[in-house]
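Reading through the structure tokens given below for one structure.
Just so it is clear, none of the values below were taken in a lab; they were calculated from the coordinates. Bear in mind the structure is a predicted one, so any value in this text is a computation, not a measurement. Glycine gets a Cβ as well: all are built from the backbone with ideal geometry, and neighbour counts include every protein chain shown.
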Amino acid sequence: MFGRLAVEDGPVPRAPECARRPDHRTLTGILRTEKAMRVRVDPLVCEANAVCVGLAPEVFDLSDDDELEILRPDVPKGDADRVRHAVRSCPKAALTIEE
């Protein structure tokens with residue numbers, strides 16, 4: 001039979017309710033991703049005192065030219081407190097955080 005599906009006698013198996021109609025809470029949890037904290041340096045203000053490098057070496061480093069390099073601009077959640085402390089400790093206030 002073309003154009004028709006053969007249906008056996010009995011109820012048609014259905015997917016569980018959660019598979020047929022996604023829960024809005026699940027969708028918002030998927031769509032809403034947690035943004036990482038982002039750290040930036042103002043190179044015109046930074047004097048490369050390296051206070052931040054000492055406090056958070058996994059995020060900050062000094063180049064051979066004594067310029068601050070941000071190794072990980074998107075700071076992982078576990079390092080956020082140390083990076084905040086490093087930003088507050090900058091003697092020239094050359095670092096900023098975006099959350």
Item to check | GLU58 touching a residue at least 24 places away in the same chain (Cβ under 8 Å), out of contact with any strand residue (DSSP E or B) (no Cβ under 6 Å at 6 or more places or on another chain) and not polar (S, T, N, Q) | outcome: no
Checklist entry - Which of the following residues is surrounded by 15 or more Cβ atoms within 10 Å (Cβ to Cβ), part of a helix (DSSP H, G or I), out of contact with any His (no Cβ under 6 Å at 6 or more places or on another chain) and free of Cβ contacts under 8 Å to residues at least 40 places away in the same chain: VAL87, VAL53? => result VAL53
Item to check | Enumeration of residues in region 68-99 that are closer than 16 Å to GLU58 by Cα and among the small types (Gly, Ala, Ser) | outcome: GLY78, ALA80, ALA86
Item to check | Enumeration of residues in region 59-83 that are loosely packed, with under 13 Cβ neighbours inside 10 Å and assigned to a loop (DSSP other than H, G, I, E, B) | outcome: SER63, ASP64, ASP65, ASP66, GLU67, LEU71, PRO76
Checklist outcome for this item: Residues in region 38-49 that are farther than 15 Å from ARG82 by Cβ, under 25 Å from the mean Cα position of the chain (by Cα) and of a type in the set (A, V, I, L, M, F, W, C) total 1
